[in-house]
Amino acid sequence: MALKPGSEPPNTGAPEDYAADHPTEHPSDWGWHGEWGRAARVAGWLVVVILVVMITATHYNGTGTLSLIAVAAGLVVALLWDINRRRTSWRN
């Protein structure tokens, strides 16, 4: 059964003193849309490069190298997924 518009009281989770000092506003009203944009993608690739360069450091065993490769590979997969998601998002 669908709820009727206006059937629930507004701000049921906020205390009265908080609701009085904080009017209903959304982050998109002041310019935040939930993404860091290009800076996050550039920083992600920069971190991948730094991790790969760190492999050249001296390690006592292969555990350090393996963990660097695993984290770098995980970041590459996430960044490639993001590229694919952004490129094909309008096709849905």
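The values are calculated or read from the model by the stated rules, or taken from the named source; none is laboratory data. Here the structure is a predicted model, which is why all the values come from computation and not from measurement. Note that each Cβ is placed from the backbone with ideal geometry, even for glycine, and that neighbours are counted across all protein chains shown. For accessibility, only protein heavy atoms count, side chains too; no ligands or nucleic acids. Shrake-Rupley method; radii C 1.70, N 1.55, O 1.52, S 1.80 Å.
What are the residues in region 71-84 that are open to solvent by 90 Å² or more (accessible area, probe 1.4 Å) and not β-branched (Val, Ile, Thr), if any? It would help to see each step written out before you state the result.
Step one: list which residues in region 71-84 are open to solvent by 90 Å² or more (accessible area, probe 1.4 Å), which gives 77, 80-81.
Across region 71-84, the qualifying residues are 80, 81.
Just to be sure, is residue 34 open to solvent by less than 90 Å² (accessible area, probe 1.4 Å) and at pLDDT 65 or above?
Details: open to solvent by less than 90 Å² (accessible area, probe 1.4 Å): yes; at pLDDT 65 or above: no.
Considered against the rule, which asks whether it is open to solvent by less than 90 Å² (accessible area, probe 1.4 Å) and at pLDDT 65 or above, residue 34 comes out as no.
Of 68, 46, which residue is part of a helix (DSSP H, G or I), open to solvent by less than 90 Å² (accessible area, probe 1.4 Å) and either of a type in the set (D, E, K, R) or at pLDDT 65 or above (or both)? Don't jump to the end; show me each part of the working.
Values: 46 fails: open to solvent by less than 90 Å² (accessible area, probe 1.4 Å).
When all the criteria are applied, what remains is 68.
Residue by residue through region 54-92, note down the ones that are of a type in the set (Phe, Trp, Tyr) and either farther than 19 Å from residue 43 by Cβ or in contact with an Asp or Glu (Cβ under 7 Å, 6 or more places away or on another chain) (or both).
Result: 60, 90.
Please indicate, with yes or no, whether at least one residue in region 53-61 is surrounded by 13 or more Cβ atoms within 10 Å (Cβ to Cβ), in contact (Cβ under 8 Å) with a residue 12 or more places away in the chain and not aliphatic (A, V, I, L, M).
Here is the first cut: in region 53-61, the ones surrounded by 13 or more Cβ atoms within 10 Å (Cβ to Cβ) are 54-55, 59.
Adding the requirement that they be in contact (Cβ under 8 Å) with a residue 12 or more places away in the chain leaves 54-55.
Now drop any that are not not aliphatic (A, V, I, L, M), which leaves none.
Checking region 53-61: not a single residue is surrounded by 13 or more Cβ atoms within 10 Å (Cβ to Cβ), in contact (Cβ under 8 Å) with a residue 12 or more places away in the chain and not aliphatic (A, V, I, L, M).
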